[in-house]
Amino acid sequence: MLELKETLKKEIKTLRDYIILITVDAKDYQKVSTSIIKFLVSEQGLPGVYVTLNKPYEVVKRNLASSSIDHRLMIFIDATSRSGDIKKVENCLYIGSPEKLSDLSVAMDQAVKALPTNEKFLIFDSLNTLSIFNKPSTVARFIHFLTGKIREWKVKGIIITLEKETEPSLLDELTQFSDYRIDMGGES
Amino acid sequence: MAHIVLVSVTTVIFGIASLLLISRARRRLSDGSIRRYMDNFAICLSFIVIFSVWQTARTIFGVNIDVESLTTYPEYIFIAFAYIAFVISSYRVIKISEEFGFKEQGAKINQIVKETKEGYQMQKKFTKTKKGKK
């Protein structure tokens, strides 16, 4: 994961806010997501918001703890569990379903605005999972909304997606809105 | 009389326009807390609109619908329902603020960031003093 860190350092060192699209191969997914958080939280000391659509909060927390990353600096929005109900535990809000995009948007907006520091980040993990539960047109609109909001919030935005699982047109659109695209792993 | 009719009709038009706007907004939202709140709000508004329509009809046509042993003006029952629905909507707003409000978490994170920075600065000072002594 040294490659990712170096790329991140080189590309975004001087930037205060940006949007980075990280396409990743499934087998490297875990390492990549942990490395990104480690870079932002442990190395840069930034607080942020982590939106997880893949792994439940408990699993993410456990993974972060095993990598010695301070999870207290982050607000988690968990849209994985399909319990249906919204509930809040510690610093995590369970949305209940990845289909509740309106609630997810409001939660992200409130969480980002609640962070008192000038520099903060938002990690969206991951775009391809969103496509499983929502129509392509809805996902495209959501992506447009998300990138617009990241610019408005002036945060360091990182969107992770599995390259092979993401529709090429969606990926192209997102690449167009992003400042950088980092391809990790896979055949490329 | 003409003034009362004008005011009543205008009220009904505004009410119906509001309901149409809510319906359009609702269609754009996916299922969840915000949409449920919108439903509650639409119910409140519906009761008020029914009340206004009833009153307007009575003013224009002079129709009086008496519901025996209820009240002189039965339409006021809708105002009562509207207030009940408003209470439910307000309760939903409280729930939404509990769910989506992150101020508390933000304050905690701020505290941690401050502590971390202080710790880092102290460590830096300590290293400098150590180097100076050498």
In the range B:23-56, how many are surrounded by 16 or more Cβ atoms within 10 Å (Cβ to Cβ) and over 21 Å from B:S97 (Cα atoms)?
12
Specify the residue that is nearest to the other protein chains (Cβ to nearest Cβ); the eligible residues are those in the range A:77-90 that are crowded, with 23+ Cβ neighbours inside 10 Å and of a type outside the set (V, I, T).
A:A79
Given the conditions (1) at pLDDT 90 or above; (2) away from chain A (no Cβ under 14 Å), which single one is not true for B:G62?
(1)
Quick one: what pairs do we get from the range B:29-40, first residue more than 7 Å from chain A (Cβ to nearest Cβ), second assigned to a helix (DSSP H, G or I), C-beta under 6 Å, 6+ apart or different chains?
B:Y37/B:R92; B:M38/B:R26; B:N40/B:I88; B:N40/B:S89; B:N40/B:R92
Filtering the range B:88-111 for residues that are exposed (fewer than 14 other Cβ atoms within 10 Å of the Cβ) and over 16 Å from B:I34 (Cβ atoms) leaves a count of 4
List every residue pair whose Cβ atoms lie under 7 Å apart, where the two residues are 6 or more positions apart in sequence or sit on different chains, the first residue falls within the range A:54-74 and is on the phi < 0 side of the Ramachandran plot, and the second residue, located anywhere, is surrounded by fewer than 16 Cβ atoms within 10 Å (Cβ to Cβ).
A:I69/A:S42; A:H71/A:A65; A:R72/B:I112; A:L73/B:I112
Can you find, within the range A:99-123, the residue that is nearest to the other protein chains (Cβ to nearest Cβ) among those that are surrounded by fewer than 22 Cβ atoms within 10 Å (Cβ to Cβ) and not in a helix (DSSP H, G or I)?
A:P116
Hey, can you tell me all the residues within the range A:49-87 that are in a strand (DSSP E or B) and in contact with an Asp or Glu (Cβ under 6 Å, 6 or more places away or on another chain)?
A:T52
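The values are calculated or read from the model by the stated rules, or taken from the named source; none is laboratory data. Every value quoted in this text rests on a predicted model; they were computed, and no experiment measured them. Cβ atoms come from the backbone with ideal geometry, glycine included; neighbour counts cover every protein chain shown.
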